[in-house]
Amino acid sequence: MESFERTCGRPLIFRGVMGGKSHDELVAHAKSVGKDFQREKATEQYACLVSEVMDYCAVLIAEGDPFISLTDGGGILSEFSAARRKKLEQSDEESDEHEIRLRRGQRAYAFQGHEDFGHTCPGYERLLSAGICGVIDEAKALFEKERNVPKKNFYRLILRVWTSARSLALRMADAGEGANDENLSLAAKNLRFLADHPPMTFMQALQTIALYYELQQNIEDTPVRSLGKLDRLLYPFYRYDVEKNNKSVKDIEEEFSYFLRHLDSYKACSNIPFALCETDPSLPRENELTRILLRVTLRCRFSNIKVHLNYRPDLSEEIVSMVNDAIRSGSNSVVYINSDITVSALEKIGIEREDAEDFNVVGCYEPCAREEIPCSCAGRLNFTKAVELAVNSGEDMLTGEHYAAAAPDCDEICSFEEMMEIVKAQLRAFAEGSLKSAKQRERVQIYLHASPLLSATYPSSFYGGKDVYADYGAKYNNTSICGMGIATAADSLYAIQEIVFRQKRMKLSEFTRILRKNWQGEEPLRLYIKNRIPKYGNNVQEVDAIAAELVEYTANLINGKPNARGGVFRFALFSVDSRFPLGEHTAASADGRFSGEPLSKNAGASACADRNGLPALLLSVLSYDHTLIPDGMVLDVVLHSSSVSGEDGLKAMNTAVKTYLDKGGFAVHINVLDAELLRRAQKHPEQYANLQVRLCGWNVLFSSLSRRDQDEFIAQAEVAQ
Amino acid sequence: MRGKIFAVKPFAVHDGNGIRTTVFFKGCPLRCRWCHNPEGLSFETQLSFFASKCISCGTCMDVCPQGAVLSAGKIDRTRCTTCGKCAEACPTAALVVQGYSVTEEMLFQRVTKEKAFYRDGGGVTFSGGECLLQSEFCAKVLRRLKHAGINTAVDTCGMVERKDLEAVVPFTDTFLYDLKAIDPKVHKRCTGVENEQILENLTYLNKEGANVEVVIPLVKGYNLGEWEKMLVFLKNLERIRTVKLLKYHGFYFSKYEALGWKIPATDISAPTEEEFAAIKNAFEREGFIVKI
C-alpha cells in the first residue's frame, strides 16, 4: 500500500463507474412506486427499491484510496418516502377540537412530534462476525424453515437485499481492479474476499464497516449515527494482523488514517461518530487499540469525524490529558460520555442491565442500548414557551391561540409558588401534546420506511422475523422527546420572582404587557434583568433549583410512558440547532431575551450568562439528576485559551472534566476559543480554513458557519475571557 | 470578626496548584507603578465607573441620595459616600462598588462552594491588595479551610509585620511571595517603599521551611535590571526552589479610569521574548523550577 504520509494531504477525488441505470432514472422509479400507495406497509416496496438501487447505482472510486464504499445511490429512497408521505397528508383531514389544538401547538413550536429513522447504531458484532455472506446464509436457512407467512416474507426480502449488497461489493471490486491503482487494487481484493467470507484482517473489518455505512446510511436512507465502539470491535482483527501478518502499530495507524480520510470524504451531516473506551464496567476501560485509534484521530483532525469517549472514574488520566490537550489545540472532535450515568438512566426506563451496559451514543448525545431503536429526536417541547403561556393567561403571545392548559389572569397569581404550578400545568399539556404528536407519527412510520439492512444486524429483529421500523421488531422500540430552552425558562421564572414577587417593582400584568411589546421602551429594565438578576449557570442555588424542578418534573411526564410501538418514551435535554427555530417562534421572555432570539443551548446557561467560572456552571448543571435523562443531554463549555494554557491549564481542564463527570454529569464537550483569533478567522476565512469549533452536537469548520453563528462564538469567547 | 474584600474569582488556574478560588482583599501598603488591581490599593470602599458600559439611562441620578451623580456617569466624588445605591440599580453594571465587608462564615461558605473542584491540589488563594494587612481575619478563615481539608495559598507582597506572617504560617500550604527588586532605591521607585522588611520576611519564611513560590513581575523601564540581583538573593535562600516569572501586560488601564484616577506610569512595557527567555534560562540554570 502507498504510504499515507504521501497521500494524506490530498483530498479524495471520486469518479463514477456506471451501473445499469442513472441516478435520475432510479429517482423517477422510486417516486412512481411511492405514488402508487394503497395504505400497505412499506416493507415490500422499500426492500425491493433498496435492492434495485444496489443493483444499478454507480460505484464511486478515488485514486489512492484503499477503501471502496461510495455510490451515487443516496437520496433515492427518500423520494419514495416523500411521495408516500404526500399521499398520506392528502388523506388527513382537520378533525375534532382536540386535533386542532394539537396542530396549533405544533405550529407554535410549543411541542412537536416527528418520525425519526435517523438515529441508529447497527449491530456491528453480528455484521463483523457473520459478514455479508453469513447474513445471506442464515437468512436463506430461516426462509426455508419459516412457516409464518409475514416472517417468511421478511426473510425473502432480507435475502434479496443482502444478495444485492453482495453483488454490489463484487461490482465495487471490479471497479477497483479496473483502476490500475495500487491502493484501489487492495480494496478490490478485500471486497472480493468479503463477498464470500467474514472479515479477518484489520483492513477487511474497516472495509466492511465502510461498505455497510454506505448501504444503510445512503441507499437504505436509515442514517447510521455511530460506528460503534471501534476499539472493542476492531481488536480481534488487529490481533490477527499483528500475530498472523506481522503488522506493526505503525501499519495499523496508517490503515486507520486511510479509513478516517475515506469516511471524512462522505461529508455526512452532523459528522460520523464512533466510540472509544469500554462501557461495560466489568471490563478494563481500554485495550491496546484504544490509544492507537485515539492518537490517529486526534492527529488527523478530520472535521467530519467525531469521537464519543466513554468515561468512567477509572479511565486513565493519560487518556483524559491526551484528549484535553488536543481540544485546547483546536482538535475538538471528542465529547465525553459518562458510562455509569448512561447505564443507570437506561435501566430506569426498563432496559435490561446487560443491554444498557453495551450502549452506544447515536448522533450527538443520545444513548442507544444494545437492541434498542431509540428514535432519539422524535419530538420536542419548548420550556420557555410554557412560561410564555403561563404569564399570558394560557394564550400564545405570537399566534394569539390557545392550545395548552387554561391559565388564570395574571393579576390572580399571588405568589411565585402559584406561578410555578401554572407553568407545570402548561408543561403537562406540552408533554401530552408531544407524546400524542409523536405517537401519531409512529403509527404512520410503517407506511414510510423499512430497514432490511439494519434489521438483519439486530438479533431480536432478525431472529424474530420482523423489520425494526415497519414491524417494530427490535427488543426495545422506544421514542424520545427533547426538552428545549431550559435555561431561558429558569432565568425567566427567576426574573419574575425577583421583579414581581420580591422587589415588587411591578405587577405581573405589567410585566406581561412589557413582554408582549417585546421590551419596547423598556431597555433599562431589560438590561437590568439581563445583567443584574442572577442566572442559571452561576451556581446560584435559587435559580438552579427552578431549572431542576422543571427538568425533573418534565422528565417524569415523559419517561416510561408507553409509545405507539410497544416501547416507552425517553426524555432528552438538548436543543442543538432547534433553539433557533424555537426561538423564532417564542415571544420575548422575562430573562431579557427579545422575541425571536434563540433559546438557550442544550443543558447550558443562556448565551453568555455564565459569568462565574467553569466550576459554577458545572455545579448548576449538576443541580438535577442526570439519570432522569435517558435520551441524553450535554453541556457545552467554552473556555478561553489563556485559562487552559500551560501545564497548569491542562491539569485544571482534566480536573474540571473529571469532577463534573464523577459527580454525575452525563456528558460534556469543550470549545477552547480565543475571541481575537475567531475575529481574524471571520475576516480572513481562507487563512483559517482548518479552524474547527464544536457546534452543539457536532464539530464544524468555523469558516462554514453563518455570520450569526460565528458572532455567537465570538461573544462566548469574550465572556470566557 | 469581619474582613474587607473586593472580589472572589473562581476557576483561577494560574494562582497556585489545581483549580483555585482567589479572594482579593482590600488595602495595600505598596503602590506598584504597574498595579493591575488598583481597586485593591485603598482600604476604603470606592466606586468605579466603566464608561463603555454606560447607556446614559439616568437611573443612577434618580437613586443617588447625595445628589453626587451630576449626569449619567459623571460623579462628584467629594459628595459620594459609596453607599452603593447607584451600583445596585445600574442596569449594565457600569457602576461597581469596590469593597465589601464579609464575616468569616460568609467568606468560608463562599469559597467552599466550589470545593468539589479542589481535588488534584487545588484550593483557595488569598490575594489582594495585600491580604495580610488583615492577617487576623485571614488566619481565622485559613484555619477553617485547613480543617476542612482544603489547600490554602497566600499571595503576599511581604510588606507586613512579622506577626502578620506568623499568624498565617500554620494554615498556609503555599506562599506566593512577590519580589520586585533588591536595590532599595529601585524598589522605592517601583513601589513607593523600600524593601528591607520584604527581604527580611522572605528570609524568615525560608528559615521556617514554609513552602514558598517567589513571584517576579518583569517590567521594562522599572525592574528589569534587577533580575540578576534577585537570582543571587534567592540562591542564598536554600529552601526556595520555585519562581514564577510574570511578563508585564497592559490590560488594566480601564480600571484606573473607572476609579477616576490617572494611569500611574506610561513609561512602561513588557520585556521582549528574548529578554524573557534569557532570564528564564538563567533561573533554570541555577536549578530553579520556573513557572510562567
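The values are calculated or read from the model by the stated rules, or taken from the named source; none is laboratory data. Nothing here was measured: the structure is a model prediction, and the numbers come from that model. No Cβ is skipped: glycine too gets one built from the backbone with ideal geometry, and neighbour counts run over all protein chains shown. What goes into the accessible areas is simple: the full protein's heavy atoms, side chains included, and nothing from ligands, DNA or RNA. Shrake-Rupley method; radii C 1.70, N 1.55, O 1.52, S 1.80 Å.
Based on this model, can you work out whether B:T203 counts as of a type in the set (V, I, T) and buried (at least 23 other Cβ atoms within 10 Å of the Cβ)?
Numbers: of a type in the set (V, I, T): yes; buried (at least 23 other Cβ atoms within 10 Å of the Cβ): no.
For B:T203, the condition - of a type in the set (V, I, T) and buried (at least 23 other Cβ atoms within 10 Å of the Cβ) - is not met.
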Exercise for the section: Go through (1) open to solvent by 10 Å² or more (accessible area, probe 1.4 Å); (2) assigned to a helix (DSSP H, G or I) and name the single condition A:M200 misses. Expected result: (2)
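Taking the residues in region B:23-39 that are open to solvent by less than 10 Å² (accessible area, probe 1.4 Å) and touching a Phe, Trp or Tyr at 6+ places or on another chain (Cβ under 8 Å) as candidates, determine which candidate is nearest to B:E196 (Cα to Cα). Before you say what the answer is, go through the steps one by one.
Residues of region B:23-39 that are open to solvent by less than 10 Å² (accessible area, probe 1.4 Å), as a first pass: B:23, B:25-27, B:30, B:38.
Okay, now just the ones that are also touching a Phe, Trp or Tyr at 6+ places or on another chain (Cβ under 8 Å), so B:23, B:25-27, B:38.
Values: B:V23: 27, B:F25: 23, B:K26: 23, B:G27: 20, B:P38: 24 Å.
Among them, the one singled out is B:G27.
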Exercise for the section: Count, please, the residues in region A:511-556 that happen to be within 14 Å of another protein chain (Cβ to nearest Cβ), part of a loop (DSSP other than H, G, I, E, B) and open to solvent by 70 Å² or more (accessible area, probe 1.4 Å). Expected result: 1
Practice task
Enumerate the pairs (first residue in region A:556-583 and within 15 Å of A:T488 (Cβ to Cβ); second residue anywhere and of a type in the set (F, W, Y)) with beta-carbon separation below 7 Å, excluding pairs fewer than 6 apart on the same chain, so at least 6 apart or on different chains.
Solution key: A:F574/A:Y365; A:P581/A:Y109; A:L582/A:Y109
Fill in the blank from the handout: Within region A:598-636, the residues that are under 14 Å from A:I670 (Cβ atoms) and surrounded by fewer than 24 Cβ atoms within 10 Å (Cβ to Cβ) are A:D636
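In region B:40-67, which residues are away from chain A (no Cβ under 14 Å) and either surrounded by fewer than 20 Cβ atoms within 10 Å (Cβ to Cβ) or over 24 Å from B:K26 (Cα atoms) (or both)?
Taking region B:40-67 as the starting set, the residues that turn out to be away from chain A (no Cβ under 14 Å) are B:40-49, B:51, B:64-67.
Once the filter is applied, which keeps residues that are away from chain A (no Cβ under 14 Å) and either surrounded by fewer than 20 Cβ atoms within 10 Å (Cβ to Cβ) or over 24 Å from B:K26 (Cα atoms) (or both), region B:40-67 yields B:S42, B:F43, B:E44, B:T45, B:A51, B:C64, B:P65, B:Q66, B:G67.
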Problem - Residues of region A:154-174 satisfying the condition of being closer than 20 Å to A:F14 by Cβ and open to solvent by 10 Å² or more (accessible area, probe 1.4 Å) - result: A:L170, A:R171, A:D174
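Select from region A:28-80 the residues that are of a type in the set (K, R) and in a loop (DSSP other than H, G, I, E, B) and write down the one among them that is farthest from A:F256 (Cα to Cα).
A:R39
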Practice task
Quickly run through region A:610-659 and pick out the residues that are farther than 23 Å from A:M322 by Cα, within 10 Å of chain B (Cβ to nearest Cβ) and assigned to a helix (DSSP H, G or I).
Solution key: A:A616, A:L617, A:L619
Practice task
Please state which of the following conditions A:G566 fails to meet, knowing it meets all the rest: (1) crowded, with 20+ Cβ neighbours inside 10 Å; (2) touching a Phe, Trp or Tyr at 6+ places or on another chain (Cβ under 6 Å); (3) more than 19 Å from A:S600 (Cα to Cα).
Solution key: (1)
Practice task
Check whether at least one residue in region A:333-349 is surrounded by fewer than 23 Cβ atoms within 10 Å (Cβ to Cβ) and part of a loop (DSSP other than H, G, I, E, B), and report yes or no.
Solution key: no
Practice task
Please state which one of B:K255, B:K280, B:K244 is within 14 Å of chain A (Cβ to nearest Cβ) and assigned to a helix (DSSP H, G or I).
Solution key: B:K280
Practice task
Taking the residues in region A:14-61 that are under 29 Å from A:E177 (Cβ atoms), small (G, A, S) and touching a helix residue (DSSP H, G or I) at 6+ places or on another chain (Cβ under 6 Å) as candidates, determine which candidate is least open to solvent (accessible area, probe 1.4 Å).
Solution key: A:S51
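Would you pick out the residues in region A:443-476 that are more than 25 Å from A:P198 (Cβ to Cβ), open to solvent by less than 10 Å² (accessible area, probe 1.4 Å) and not hydroxyl-bearing (S, T, Y)?
Of all residues in region A:443-476, those more than 25 Å from A:P198 (Cβ to Cβ) come to A:443-450, A:469-472, A:476.
Checking the rest, the ones that are also open to solvent by less than 10 Å² (accessible area, probe 1.4 Å) come to A:445, A:448-450, A:469-470.
Listed by number, the residues that qualify are A:Q445, A:L448, A:H449, A:A450, A:A470.
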